[in-house]
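The values are calculated or read from the model by the stated rules, or taken from the named source; none is laboratory data. Quantities reported herein were computed from a predicted structural model and do not represent experimental measurements. Because the Cβ atoms are built from the backbone with ideal geometry, glycine has one as well, and the counts that use them run over all protein chains shown. The protein model used for the area step is the full one, side chains on, heavy atoms only, and it has no ligands, DNA or RNA in it. Shrake-Rupley method; radii C 1.70, N 1.55, O 1.52, S 1.80 Å.
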Amino acid sequence: MKILSVEQIREADKYTIENEPIESVDLMERAATKVFEWLYRRTPREKTIKIFCGMGNNGGDGLVVARLLNEQEIVPQVFMVRYSDRMSHDCEVNYYRLVNETKVPMFDIFTEDDFPKVDANDVVVDAIFGSGLNRPPQGVTADLIAYLNQSKAIRVAIDIPSGLFADEPSALGFIFKADYTLTFQNPKLAFLLPENDPYVGRFEVLDIGLHPRYLEDVETNNLLTVKAMVKPILHNRTKYSHKGTYGHALLIAGSEGKTGAALLCAKACLRTGVGLLSVHLPKVAQLPLQTSIPEAMIDGDDSETCFSMFGKLDAYTAMGVGPGLGKAEETVRALKRLIQEVQVPLVMDADALNILSDNPTWLPFLPAQTILTPHPKEFERVVGKTSTSFERLEKQRELATKYNLVVIVKGAHTTVALPNGTIFFNTTGNPGMATAGSGDVLTGIILSLLAQRYSPEEAAVLGVYLHGLAGDLAAEEIGQEALIASDITEYFGKAYAALHAK
């Protein structure tokens, strides 16, 4: 699903109006009807719906919702926030429709003295400012937003929480805090960034029927990863295939005291469907692997405690390095040599990234489309500190394009940046996955997919989605609080089944 900028959304509206064709006020009616339907289905009848409308088109949406609720014998209260002397044309049309066709109670807000009482039995609908806002709310509007944020009411924003900028950092103190955001047609970039989570709440995308030709043709380098996008990537297994068909992965991982990361990664790699897996381990980690994962083969290191050397690499179809690796001097030297010699797709995680951040001059020498899988702190060690998620996204995009890499930054809505500058925002996963070893599991998934000859881009996008989906299925059954990394691996089968299901 495409993530569109504010300007592209305006162009989509304009194109729809001209080519459907449809009057702008009727397009507003269509959009607001979707909001009305959502509210009607979910709002208990004992709740009082209080709709706060601005003077622009977002306010017009709120006025349409009020009229449609009234037609179903749900009488809302409407509060016009008079921050301007003029309404937009479509807002004015719907204002007079509401005044002339209904007896919906309407009130004006000019000063703080006009603020109504709001309590826990209310549903507050924010229709004050839309996505076109280009400066923070001021004066009485800012005071109203702060007042509504303090209430215990259920808070619903139409299209975007008032005060939030869709495409750039916002002044975080002046934004409506929604429990639910009902956005039109496509998600906004701001919804996918962590600092905006307290304001966006849970967002839902409402299809308002913007012209499909525009939506198909418009170009964007930000995409939301959904099942319909991921499912076609999946390879089908053929009747006469064998273990060699599905590749031979080499995982270089583990060191003294960090064997668990190697085991988690190896198990995930096997569960994702690789044909053969060899794990390069120091001597201290070999017995635990052989005991707990008999399906994996051991490629032993000469060192007792860490990664210090490697043998021939020509047997492998993909390699992964990093989980539990440590940063011993001999490990740093061996990793540098590995980067220089590897000829197959490579995924780097954990201590491999930490070593890379200590040696940034290695970046130009990474094999083309190497996959990096940092969490935010590891990412900052590589590229430097960032002040906002918008800045971090651009640094992620720059790192991927400059060095021809696939860069994954883990977290809620894990982002995958491709060498062409496109960023995918993942839609699976939950807070229960914020647990030790979850990243090692992801590395195992991606390594397995690479070995099975998925392209690096496919392996990254599909791997991140599959990782989150398995975590979601695990959390449904055992709860987020009880979730540990190995649980994610145990749900890969169900995740694959969900992806293959028609």
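A few notes on this one:
- Accessible area of the chain belonging to carbon and sulfur atoms, whole % at 1.4 Å probe: 49
- Whole-Hz Karplus values for segment 165-180 come out as 8, 6, 10, 7, x, 10, 7, 5, x, 10, 10, 4, 9, 8, 7, 9 Hz, taken residue by residue from phi with 6.51 cos²θ - 1.76 cosθ + 1.60 and θ = phi - 60°; glycine and proline positions read x.
- Lys, Arg +1 and Asp, Glu -1 on Cβ, resulting dipole of segment 380-448 about Cα centre, debye, nearest 20: 100
- Placing THR386, THR225, THR238 in order of accessible area, with the largest value first and a 1.4 Å probe, yields THR238, THR386, THR225.
- Across segment 50-166, C-alpha contacts under 8 Å between residues 6 or more apart give a mean separation that, scaled by the residue count, equals a relative contact order of 31 percent.
- Calculated FRET value between GLU304 and PHE365, using beta carbons and R₀ = 22 Å, to 0.05: 0.15
- Cα-Cα separations in segment 379-502 greater than 26 Å, expressed as whole percent: 22
- Comparing Cα centroids, segment 119-142 and segment 380-417 end up 32 angstrom apart.
- Local electrostatic count, ALA127, Cβ distance below 10 Å [Lys/Arg +1, Asp/Glu -1]: -3
- For the chain: rounded, prolate or oblate by the Cα gyration tensor [a/c cutoff 1.5]: prolate
- Folded to 0 to 90 degrees: helix 259-271 orientation relative to the chain principal axis, Cα: 80
- Charge dipole of the chain about the Cα centre (unit charges at C-beta), most positive-ward option of PRO360, ILE488, ILE3: ILE488
- Within the shell of other residues whose beta carbon sits under 15 angstrom from the beta carbon of ASP113, the net charge comes to -2, with Lys and Arg scored +1 and Asp and Glu -1.
- P(r) tail, segment 85-235: Cα-Cα pairs separated by more than 18 Å, 66% of all pairs.
- Summed residue charge, Cβ within 13 Å of MET28's Cβ, Lys/Arg positive, Asp/Glu negative: -4
- Listed by chain and number, the lysines placed with their C-alpha closer than 19 angstrom to that of LYS117 are LYS47, LYS50, LYS152, LYS177; residues fewer than eight positions away on the same chain are left out.
- Rounded accessible area of CYS306 (nearest 10 Å², 1.4 Å probe): 10
- Given +1 at the Cβ of Lys and Arg, -1 at the Cβ of Asp and Glu and no other charges, the dipole of the chain around its Cα centre is 1140 debye to the nearest 20.
- The chain: antiparallel DSSP beta bridges as a percent of all, rounded to 5: 10
- Per residue, the accessible area of segment 207-248 comes to 66 Å², computed with a 1.4 Å probe over protein heavy atoms only.
- Centre separation in Å (Cα based) which lies between segment 50-101 and segment 454-502: 44
- Ranked by how many other beta carbons lie within 10 Å on average, peptides 355-368, 56-69, 437-450 from highest: 437-450, 56-69, 355-368
- Amide hydrogen proximity for PHE203: with H placed 1.01 Å from N in the peptide plane, the residues at 5 or more positions away or on another chain lying under 5 Å are THR181.
- Cross-link partners of LYS283 among lysines, defined as those whose alpha carbon lies under 25 angstrom from its own and excluding same-chain residues fewer than eight positions apart: LYS258, LYS267, LYS312, LYS327, LYS336.
- Here the Kirkwood formula puts the hydrodynamic radius of segment 1-112 at 14.9 Å, using every distinct Cα pair.
- Nearest 10 degrees, 0 to 90: helix 24-42 Cα axis against the chain principal axis: 70
- Summarising the amide proton neighbourhood of LYS2: residues at separation of 5 or more, or on other chains, whose placed amide H is nearer than 5 Å comprise LEU224.
- The phi-based Karplus calculation (6.51 cos²θ - 1.76 cosθ + 1.60; θ = phi - 60°) puts the 3J(HN,Hα) values of segment 308-315 at 9, 6, 8, x, 5, 10, 6, 8 Hz, whole numbers, x for Gly and Pro.
- Listed residues THR370, THR181, TYR83: farthest to the positive end of the dipole of the chain (Cβ charges): THR370
- Inter-centroid distance (Cα atoms) of segment 206-275 relative to segment 309-363, Å: 22
- Cβ charges +1 (Lys, Arg) and -1 (Asp, Glu), total dipole of segment 49-110, debye: 120
- Between helix 438-451 and the chain there is an angle of about 70 degrees, using the helix long axis and the longest principal axis of the Cα atoms.
- Of the residues ASN19, ASN149, GLY60, the one whose Cα sits farthest toward the positive end of the charge dipole of segment 7-154, with +1 on the Cβ of Lys and Arg and -1 on the Cβ of Asp and Glu, is ASN149.
- Ranking of ILE154, ILE49 by solvent-accessible surface, largest first: ILE154, ILE49 (1.4 Å probe, protein heavy atoms only, all chains present).
- Working note: Karplus 6.51/-1.76/1.60 with θ = phi - 60° gives segment 369-381 the couplings 6, 4, 9, 9, 10, x, 7, x, 5, 4, 5, 5, 5 Hz, where Gly and Pro are set to x.
- Prolate/oblate/rounded call for segment 406-454, Cα gyration tensor, a/c under 1.5 rounded: oblate
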